[in-house]
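Working notes for the structure below.
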Amino acid sequence: MVETPKNVVRLDELDATFAEAVTKAGGEKIDLCIQCGTCSASCPFATRTAFRTRQIIRKVQLGFRDQVLSDKGLWLCTTCSTCKLRCPRDVNPMEVLISVRSLLVEEGQVPRTIMDALEGVYKHGNPWGISRSKRSEWAKDLRVKYVSEGEKVDLLYFVGCAASYDPRVQEVARALVTNLNALGIDFSVLGNKENCCGNEIYSLGEKGLFDVLVKDNLSLFDQYGVNRIITTSPHCFNAFKNRYGRKDLAVQHYTQYFADLIDKKRFKFSKKVEKVVTFQDPCFLGKHNDIYDEPRKVIENIPGVKFLELPMSRGRSVCCEGGGGRMWVDIPGERATEQRVKEAVNIGAEILAVACPFCLLTFEDAIKTTGNEGRIQVMDINELVAKAL
């Protein structure tokens, strides 16, 4: 229970309150919160950390600025959107937290690792801070067409930062290119011109930098006449679909694109993958965008696969803890992914399939820390498809 200080000033007596500042930054409907605690009860981290969404919302309502801004739990949120989906009053606690983060960013009160990620995007177009000139090295020796002046791009493959720079996720990008080529799909990539999509930048509260990324990326898309976009990451997909404000931007996650091709009978699998496979729903594909069937359609159409559901799946799935900037914030203790790996092993899965770069990286770590190497393998759906084409 939040203790009310004796000298609380009524919010309606102030010209500009902390609650109003948060609301202006994007934390809508704060006043509708009835402190039922559903958001905290639904949060996948409340049982393992000191993170309490309800308490933060209440402190914002009361205008307890210093208490809110000093709450280290603000950087634990992965923006998985579970709190928004469960709220009975249609409040969006996730956006409230992002808005508070925005105020922290404005005041320079940001953890060093997050500041490094933000600076990396500002200087090099990616949160790892690796030179932009190395962005397309993953495509070496692959048959890839790069955008060129005067030529309109019908289908753009937006690779994303993780798939461009992380060695493990680069394998997913390579698999996707291999699959598209095998299917005879004409597509282009931006190469070193590609920029960060900004989804995690927004989630971290750096909305000024996010606006710059939106402007620069839309300018690139317009410059090359991009009609359609497919993405490796659900985070890029979410940014383009929900945060860029362009309804004419036709974007799909690659699982949606592949599911459409399966419906059109464009897939001709030539090999079997005789494995027991389960699937981890990415938050930014499922909870944020209600896309659950398409990844399963792709998996279940691969010859030889026996598909099993995890105990908690679809809208009840447990976050991998990679979103919302948590890739750059480390917390002690058992990870949710470690428990999920144990669940996957217990149901007899040989492959834990994912459709998100962050899920891939966090689950690979969890397999190692739980001692399950050799018992189960994590693979992106792209890699499964590549084995069967």
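Values quoted throughout were computed directly from the atomic coordinates according to the rules given, and no laboratory measurement underlies them. Bear in mind the structure is a predicted one, so any value in this text is a computation, not a measurement. All Cβ positions, even for glycine, are placed from backbone atoms using ideal geometry, and neighbour counts span all protein chains on display.
Annotations for the structure displayed:
- For the stretch 312-389, diffusion coefficient by Stokes-Einstein and Kirkwood Rh (Cα), 10 °C, 1.306 mPa s, µm²/s: 121
- For the stretch 92-185, GluC sites (Glu not before Pro) meeting the loop criterion (DSSP other than H, G, I, E, B) and having at most 16 other Cβ atoms within 10 Å: Glu149, Glu151.
- Given charges at Cβ of Lys, Arg, Asp, Glu: the chain dipole, positive-most of Leu74, Cys359, Phe210: Cys359
- In the stretch 112-260, the ratio of gyration radius to Kirkwood radius, Rg to Rh, stands at 0.94 when only Cα atoms are counted.
- Dipole size of the stretch 269-388 about its Cα centre, with +1 on Lys/Arg Cβ and -1 on Asp/Glu Cβ: approximately 280 debye, rounded to the nearest 20.
- Loop-located GluC sites (Glu not before Pro) in the stretch 312-389 whose Cβ has at most 11 other Cβ within 10 Å (DSSP): Glu334, Glu373
- Beta bridges per DSSP with both ends in the chain, % antiparallel, nearest 5: 0
- Taking the square roots of 5 times each eigenvalue of the Cα gyration tensor of the chain, largest first, gives ellipsoid semi-axes of 37, 26, 18 Å.
- Sorted by Cβ neighbour density within 10 Å, fewest at the top, the residues His235, His288, His124: His124, His288, His235
- Kirkwood hydrodynamic radius (C-alpha pairs) into Stokes-Einstein, the stretch 263-305, 10 °C and 1.306 mPa s, D in µm²/s: 135
- Extreme residue, positive dipole direction of the chain, given options Ile98, Gly315, Cys43 (C-beta unit charges): Gly315
- Alpha-carbon Debye profile of the stretch 249-327, log10 I(q)/I(0) at 0.21 Å⁻¹: -1.05
- Rounded to whole Å, sorted largest first: equivalent-ellipsoid semi-axes of the stretch 40-188, Cα gyration tensor: 40, 19, 14
- Against the main long axis of the alpha-carbon atoms of the chain, helix 336-346 sits at an angle near 40°.
- The trypsin sites (Lys or Arg not before Pro) found in the stretch 38-102 that occupy coil by DSSP, while having at most 13 further C-beta atoms within 10 Å, are Arg89.
- Label-point separation in nm, Ile262 to Lys247, each point 7 Å along Cα→Cβ: 3.1
- Using the Cβ-Cβ distance between Lys272 and Lys145 with R0 = 45 Å, the FRET efficiency computed as 1/(1 + (r/R0)^6) comes to roughly 0.90.
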